[in-house]
Structures are given as C-alpha cells and as structure tokens.
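This report concerns only the one structure given below.
Just so you know, all these numbers are worked out from the coordinates, no wet-lab data involved. Worth saying up front: this structure is predicted, and the values here are computed from it rather than measured. We place every Cβ from the backbone using ideal geometry, glycine too, and count neighbours over all the protein chains shown.
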Amino acid sequence: MRIKVGIVGGAGYTAGELIRLLLHHEYAALGAIVSSSHAGESVAQVHDDLVGETSLLFASELAGDEDVVFLCLGHGNSKAFLQGNNLPATARVIDLSNDFRLKADGEFAGREFVYGLPELNKGRIQQARDIANPGCFATAIQLALLPLAAAAKLADDVHVSAITGSTGAGQGLSETVHFSWRTNNVSVYKPFTHQHLGEIGESLTQLQTPLATAIHFIPYRGNFSRGIFASVYTPSDLSQDEARQLFQQFYADAPFTTVADREIHLKQVVNTNKCLLHVQKIGRQLLITSAIDNLVKGASGQAVQNMNLLFGLPETTGLHLKSALF
C-alpha cells in the first residue's frame, strides 16, 4: 500500500517537518507540495535540511488524486482553502491549524473533523475521515492531565507554566522571534487567555463531567528553537505512588507517551514524537512535568501518527526517531 500524500502550505516549519518524516515513511508517496509563494522552486532550497534528500519542486495546486491532504496553513486559512477548493470526497484531510479543533467548528464543508489526540481518541481517529490535529501547548498540557480526568481526580484549580521554542511562532518574521530579541531572553505572552485552553477544556470534560476545575495557564517564549516544557500542578489526595500508577496504567498502550521514573528535561524529546511525563507529590501539590517537541509530537509527528491510524497502520510507522542529547 502506498498512501498518496499532498501538503498545502508547504514552505512553513510544520510542512518542512512533515516532508522530512514522510520522505522516510515506508507507506507514503509524497505528491504535490503546494506553496503559493514558492511554486516551481526546489523544496530543498526552502527546507535546506532536505538537501540531498529530495528533488521535489513546490507545486501551485494539488494533483487531485491524493489519499490524504495535510493542511499546514495559518490559523483561519484552512477554512478558506476548503471553501475554495473541491477535494475528492475520498481524500482524507489532516488539518494542523486551530480551525476545526473545537466541537463547535468540527463540521465544515461537508466534512466532520475528529480531534486527533491519539491518547484520547484513538478509536474515533481510526474510524474518521478528517482530523483536527491538536495544538502544541494543548498536547503537552492534556497529556499531563488526562489520567487525572479519567479517574475523576481533577477536584481543584490547575496551574500551568509552560515554555516554548521560537519555532512555535511559525516561520514569519516578527520582533519576538528576531535573534537579537529572543536570545538570552524569556517573556510571557497571552497569560490566562491562550487559544489552546478551549481544546484542553473540551478534552478534559470528555473524561470528567462535570468539570469545575479552572486552568490557569502562563505561556512563556523561550530562547531556544524547539520544544515545550510544561509544569502542571494541582492539589490532590493521591499519594505519589498512586498517581504514578494511575499515569502508567492510562498510558500503558500509548507508544509515544512515557511516564519517567526520574525528572525529565527537554533534550530528551527534541526531534522525536515522544511525550515524557514525570509525576511527583510535594506537600498537597501533585506536580506533573511534560516535555514534547512542538514541531513533532506537537504538530507534524502527531499528524503522521494520525495518518497511520486513519489508514490502519501501526501508529509508530515512520516515527522511530531518536533525540540528540549532545
């Protein structure tokens, strides 16, 4: 089986990661990689980590025979693309924007998007046609909280402090991704109002209803390029051993989510589709630390994981990646 793949919005970071992963995916056949700004140019000239890996050129439009189309467009642009382009009814869509993640936005242009967090919705993903890929912060934070929600153990406010690399802001230039601003610097943005809070709340409510817990989220811009490290804490009546056992049981069949025995750090997950979690009890507070690569497990790697599930493949196919510690 060869899965014919199309990518729209091919010049950005998430598309570059998708191309890197799919070039080495044994069941994927990369077709049209659409970029309105680079049509006709070499893919490897734009994504120069792919020099020597591919001779593909950017296209101006899809071929029309795709089995699956990945939308790597800016937020709000996926809806516009689907409105302006008639994809074959048989083509699956995996959208990496936030256009379809919330239940209220899940039905659009004759398509029904399933929220693509495999650790939560694997069965639904396997039966779906179209997928709304989760946000990067949302992935890291949800994986830190899902086991507690499933056990109805979210009984108090949750506090989250999480830092992300500069690639989380996309490829477009702005003051806060400029090297001279970002290096040796840390800053807060969108405190308590980040757009990923909506999808986090819906996922937790899917497991624990009613959910009276408030999530207080402070996102930080980090002075590094890749990765998310989140510290999530809430009062709990669980002991440390009980909490760890709860997490280990919940993720027993999740090949990319691991509950570590020791404290974790970001370099363990960069360039991989892993989420590492560490659970500890300090006084009344249960502290869960969560680490992912924002471009892989937080975006393109998870999108490939979803593609694997859609087409009946082992979800780890093409995603056996190792981090670089040094």
- Message: Give me a comma-separated list of calculated 3J(HN,Hα) values for region 153-164, in order, Karplus coefficients 6.51, -1.76, 1.60 applied at θ = phi - 60°, integers in Hz, x for any Gly or Pro.
- Response: 10, 8, 10, 9, 4, 10, 10, 10, 10, 9, 10, 10
- Note on the structure: GNM of the chain, Cα pairs under 10 angstrom: of S239, S180, S290, the biggest fluctuation goes to S180
- Item | Distance-filtered residues of region 49-74 - backbone nitrogen under 16 Å, label point 7 angstrom along T90 Cα→Cβ | 63-69
- Per residue, the convex hull enclosing the Cα atoms of region 136-294 spans a volume in Å³ of 113 Å³
- Message: Can you tally the net charge around V269? Count Lys and Arg as +1, Asp and Glu as -1, for every other residue whose Cβ sits under 12 Å from the Cβ of V269.
- Response: +4
- With springs only between Cα atoms under 10 Å, which of I33, I292, I218 fluctuates most in a Gaussian network model of the chain? I218
- Item | Rounded tilt (10° steps) of 240-250 against the dominant C-alpha axis of the chain | 30 degrees
- Query: How much length, in nm to one decimal, is gained on full extension between Q240 and S180, taken as 0.36 nm per residue of separation minus their Cα-Cα distance?
  - Reply: 17.4 nm
- Message: Compute a Gaussian network model of the chain, connecting alpha carbons closer than 10 Å, and tell me which residue from T272, T54, T258 fluctuates the most.
- Response: T54
- Item | Alpha-carbon centroids, region 1-73 and region 239-317: separation in whole Å | 28 Å
- Message: Spelling out what I want: for every residue of region 195-206, take phi, set θ = phi - 60°, compute 6.51 cos²θ - 1.76 cosθ + 1.60 (Karplus), and round to whole Hz; glycine and proline get x.
- Response: 5, 6, 4, x, 5, 4, x, 5, 5, 5, 5, 4
- Query: Does region 43-186 come out rounded, prolate or oblate, given a ≥ b ≥ c as the square roots of the eigenvalues of its C-alpha gyration tensor, rounded meaning a/c under 1.5 and, failing that, prolate meaning a/b above b/c?
  - Reply: oblate
- Cross-link table K79/K122; K4/K297; K79/K267; K4/K267; K103/K153; K190/K297, entries beyond 29 Å C-alpha to C-alpha: K79/K267; K4/K267
- Message: On C-alpha positions alone, give me the angle between the axis of helix 13-23 and the longest principal axis of the chain, in degrees, nearest 10.
- Response: 70 degrees
- Item | Sequence-distant residues sharing a close amide H with N294 (under 5 Å, placed H) | G227, I228
- Query: If you line up the long axis of helix 136-150 against the longest principal axis of the chain, both from Cα atoms, how many degrees apart are they, to the nearest 10?
  - Reply: 40 degrees
- May I ask you to evaluate 6.51 cos²θ - 1.76 cosθ + 1.60, the Karplus curve with θ = phi - 60°, for each residue of region 65-73 and list the ³J(HN,Hα) values in order in whole Hz, giving x for glycine and proline? 10, 5, 7, 8, 10, 8, 9, 10, 9
- Task: Scan around I94 for amide H atoms under 5 Å from its own, H built in the peptide plane at 1.01 Å from N, and keep only partners 5 or more places away or cross-chain.
- Result: V69, F70, L71, I131
- Which longest run of the chain has no exposed loop site in it, a site being trypsin sites (Lys or Arg not before Pro) in a DSSP loop with at most 13 other beta carbons within 10 Å, and the site itself not part of the run? 3-261
- Task: Within region 87-105, find all residues whose amide N lies under 12 Å from a label point positioned 7 Å from the Cα of R129 along Cα-to-beta-carbon.
- Result: 87-93
